[in-house]
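A quick write-up on the structure given underneath.
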Amino acid sequence: MTKSGTIILVEDDVDDKHFFENAVKALDIENEVKWFDNTDDALKFLYTTKRPISIIFSDINIPGKNGLEFKRNIDNDPKLRKKSIPFVFYSTSAHQRDVNEAYTEMTVQGFFKKGRDPQETVNALKVIFDYWALCKHPNTT
C-alpha cells in the first residue's frame with residue numbers, strides 16, 4: 001500500500017478492530033486506518049473527505065445498515081462510484097448467499113473470512129495489500 005491513502009475499516013467489534021490494526025502494524029503498513037463502527041458514519045466520511053482512500057474493508061454483520069447495504073449505497077451513488085475505491089468484504093461470516101450477492105449484484109473486489117488467529121489475519125491482509133499495491137485501477141497514477 002502507499003502512504004498516501006487512508007484504509008477504511010467498517011467494523012462494529014472493537015476486538016476485531018484491534019486485531020486488524022495489529023495486523024496492519026505487523027506488516028509495517030504506514031497508511032492511516034480510519035475506523036467506523038457503523039455504515040452511516042462511513043458513508044458520511046466518504047461523501048465529504050478530500051483524502052485519497054486506498055481501500056475499504058467492511059464487515060457484513062453490522063447493526064443498522066449492514067455491509068451489503070453499505071456497498072449498495074456506494075454502488076448506487078454516482079459520486080462515490082466514480083471514486084473507484086477498492087472494496088473488500090472482511091467478515092466473520094461468509095455465507096454462500098452473501099458471497100453470491102456481493103459478486104453478482106455489486107462491484108466488490110474480494111470477500112474474505114476473518115482469520116482465526118493473528119498470523120492468519122496478517123497473511124490474508126498481506127495478500128490483499130500486496131495485490132492492491134500492484135493493481136492498476138482508476139485511482140492509480
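For the range 45-75, which residues satisfy the criterion of being surrounded by 13 or more Cβ atoms within 10 Å (Cβ to Cβ), part of a helix (DSSP H, G or I) and of a type in the set (Val, Ile, Thr)?
Within the range 45-75, just 74 meets the criteria.
Only residues that are at pLDDT 85 or above and buried (at least 19 other Cβ atoms within 10 Å of the Cβ): list them for the range 83-108, please.
85, 86, 87, 88, 89, 90, 91
Which ones in the range 22-44 are surrounded by 15 or more Cβ atoms within 10 Å (Cβ to Cβ) and part of a helix (DSSP H, G or I)?
23, 24, 39, 42, 43
Just the residues that are β-branched (Val, Ile, Thr), closer than 17 Å to residue 85 by Cα and without any contact (Cβ under 8 Å) to a residue 24 or more places away in the chain, please, taken from the range 9-48.
Selection gives 48 alone.
Residues of the range 1-21 being part of a loop (DSSP other than H, G, I, E, B) and either buried (at least 18 other Cβ atoms within 10 Å of the Cβ) or in contact with an Asp or Glu (Cβ under 8 Å, 6 or more places away or on another chain) (or both), which ones?
Once the filter is applied, which keeps residues that are part of a loop (DSSP other than H, G, I, E, B) and either buried (at least 18 other Cβ atoms within 10 Å of the Cβ) or in contact with an Asp or Glu (Cβ under 8 Å, 6 or more places away or on another chain) (or both), the range 1-21 yields 1, 3, 5, 11, 12, 13.
Tally up the residues in the range 109-141 that are of a type in the set (Lys, Arg) and exposed (fewer than 13 other Cβ atoms within 10 Å of the Cβ), please.
Final tally of qualifying residues: 2.
The values are calculated or read from the model by the stated rules, or taken from the named source; none is laboratory data. Only a predicted model underlies this, so the values are computations on that prediction, with no experimental measurement involved. Neighbour counts are summed over all protein chains in view; Cβ atoms, including those assigned to glycine, are modelled from backbone coordinates with ideal geometry.
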